[in-house]
1. Looking at A:Thr268, A:Thr261, which is the one that is over 20 Å from A:Val224 (Cα atoms), more than 14 Å from chain B (Cβ to nearest Cβ), touching a Ser or Thr at 6+ places or on another chain (Cβ under 6 Å) and β-branched (Val, Ile, Thr)?
2. Scan segment A:205-221 for residues that are closer than 19 Å to A:Ala282 by Cβ and either within 9 Å of chain B (Cβ to nearest Cβ) or surrounded by fewer than 24 Cβ atoms within 10 Å (Cβ to Cβ) (or both) and report the count.
3. Of everything in segment B:170-184, what is in a strand (DSSP E or B), of a type outside the set (Val, Ile, Thr) and crowded, with 24+ Cβ neighbours inside 10 Å? Give them in sequence order.
4. Using the structure shown, decide if A:Thr279 is under 30 Å from A:Gly141 (Cβ atoms), away from chain B (no Cβ under 14 Å) and not aliphatic (A, V, I, L, M).
5. What single numbered condition from (1) without any contact (Cβ under 8 Å) to a residue 40 or more places away in the chain; (2) within 30 Å of B:Arg10 (Cβ to Cβ); (3) more than 10 Å from chain A (Cβ to nearest Cβ) fails to hold for B:Ile160?
6. What do you reckon, is A:Gly254 on the phi < 0 side of the Ramachandran plot and away from every other protein chain (no Cβ under 14 Å)?
7. Quick one: is A:Thr158 under 16 Å from the mean Cα position of the chain (by Cα), part of a helix (DSSP H, G or I) and hydroxyl-bearing (Ser, Thr, Tyr)?
8. Would you mind finding the one in A:Ile236, A:Ile243 that is away from chain B (no Cβ under 14 Å) and either hydrophobic (A, V, I, L, M, F, W, C) or in contact with a Ser or Thr (Cβ under 7 Å, 6 or more places away or on another chain) (or both)?
Amino acid sequence: MTATAQAADAAEPEAREATERWQRLLGGGWIFLLLLALIAIFAALRPTQFGSPYNLSMLTVNAAILLVLSVGQTFVIIAAGIDLSVGAVLIFASITSALVMLALSGASGSTYGTTAGGWGVVGIGLAVALLSGAFWGAVNGVLVAVARIPALIVTLGTFGMSLGFAQILTNGTDVRAVPETLVDRIGAGTVAGVPVLVLIAAATALLGGIVLHLTRFGVHVFAVGSDQEAARRAGINVRGRLIAIYVLSGTLAGLAAMMATARFATTTIGGHAMDNLSTISAVVLGGTSLFGGIGSIAGTVVGVFIPIVLLNGFVILGIPPFWQTVATGAVLVLAVWIDQLKRRARERA
Amino acid sequence: MTTAALLEARGIRRRFGHVHALDGADFSVRAGEICALIGDNGAGKSTLLKILSGAEQPDAGEIRLAGQKVRFDSPAAAQRSGIATVYQDLALAPELSPFENLFLGRETMRPGLLGRLGFVDRPAMQRQATQQFARLGVRLRSGRVPVSSLSGGQRQSVAIARAAMWANRVIFMDEPTAALGVVQTGRVLDLIRQVRDQGIAVVLVSHNMPQVLQVADRIEVLRLGRRVAQLPVTEASVERLVAAMTSGVADAAAAPA
């Protein structure tokens, strides 16, 4: 090798690394640019309506519950799994916690349809919701990791079972009396003008991002999703990690259940059938690979907001809101297609 | 060549039903040498490798590491004794970077409270990985791109560098260049010599006779579950090795010469 060739060879890696970083930024960042473009377009067309503090706060409140579910879904999909049970587990957890809270707080509240339950009752309700979610997560995790049944089937099964049990517990009707404290302080409450639900979702996403990207658990989530056998040979407790990942997703569904009860002042048995698909599309829109091993929480946050901003913008512009589902579906297919192109380009390199 | 064996197996037997995969096999490797383990298909190379690396248990026989009798119940037990295996299918996580793969399952944690909370120390791992690659002469275009974007030779180099990072005594390599082109094979062989020069015992399983003669210091030949020859590479030739592999008598074939 000549001296000049050697010099070129030495300079090459840094230049290539820089281009690769740009490619990755653009590759993963285009969906973020799309979100910014959507916001800019709607804000330009209807600045007063779209940009109003009320509208922005509604936007973020609408995103809050879906974001909490999607954080769990991100962990599961990066680990090359899927969780179809999130919405049904949310319903189950909201029913069990609402029933417990109802039993604990006998008297009615000052507003119609609420009970007088205080923070103590709400705290117990939260614990019940989180435990209910964790329980179904553990069922998912054990069946996937130990019984080695495909996650698609396991979580489809627990989707049906948790929804069915929720309906059995209340005979199919919603629990409509929930503590006044929960509805007023959490559901409709604000801190410094920011809705409490949004604060909870933001804290969940932040914590989720820290755990996924900075801790050993996070590294192992990526490793298990990238190549389970390699992870096992490297000494990672793959079973334990998988179970923990599904428990995390179930527990976050429990948290989301409390948020939903607080927001709507009732349980919502009929309202979460599509949550699993909404979270999966949000996660995939955010650049997380359905094949596992690649993904981020930041991407998921963007992915959650795209359909919500679309719907909101269409409503404000007077476009029939049904177009939102069409647009979201198209963007989802586009996102997966771009992911595939990136993957193929990389494997050819 | 007078130093004692670092890893030694004596009279290893292993049966699968009616098949005697190993029928009293012996094997030894010294620190700082590349020992090629060769033999025809079915000679028992893979079984011996699995037993020595803890993946399988022998029916009879003993294994000694640095003179001490040892028993490896699992690959993890062998790893704790400083023995690692580079698998034919590499066992790297393709979406993770080379440095993450180097530390997979053995992450360096942040010091203090953050470390106890499970936070990993990426800068430290990256630094150590860069040192390890430099020490072994492995040149990657970046330590941060996913392993799947590397060439086959670079991936093999990452796998070997990882083994050398955590095994300080013996590394087994099963056909490490089987899937590689000429240039990449040359680089991987250089890397194997580098690993040996760190004082690690390298056991190389290969079918490629010219390559074995090129890189090994010593050769042991297995036939029908027994060791039929062990000779320094200076006394070996393709004809002699093939004779030993097929008839079991390397010395008879060499005698007239």
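1. Exactly one of A:Thr268, A:Thr261 is over 20 Å from A:Val224 (Cα atoms), more than 14 Å from chain B (Cβ to nearest Cβ), touching a Ser or Thr at 6+ places or on another chain (Cβ under 6 Å) and β-branched (Val, Ile, Thr), namely A:Thr261.
2. Here the count works out to 8.
3. B:Phe172, B:Met173
4. Considered against the rule, which asks whether it is under 30 Å from A:Gly141 (Cβ atoms), away from chain B (no Cβ under 14 Å) and not aliphatic (A, V, I, L, M), A:Thr279 comes out as yes.
5. B:Ile160 satisfies every listed condition except (1).
6. Spelling it out, A:Gly254 is indeed on the phi < 0 side of the Ramachandran plot and away from every other protein chain (no Cβ under 14 Å).
7. In short, no.
8. Of the residues listed, the single one that is away from chain B (no Cβ under 14 Å) and either hydrophobic (A, V, I, L, M, F, W, C) or in contact with a Ser or Thr (Cβ under 7 Å, 6 or more places away or on another chain) (or both) is A:Ile243.
The values are calculated or read from the model by the stated rules, or taken from the named source; none is laboratory data. Nothing here was measured: the structure is a model prediction, and the numbers come from that model. Every residue, glycine among them, receives a Cβ derived from its backbone with ideal geometry; neighbour counts consider all protein chains shown.
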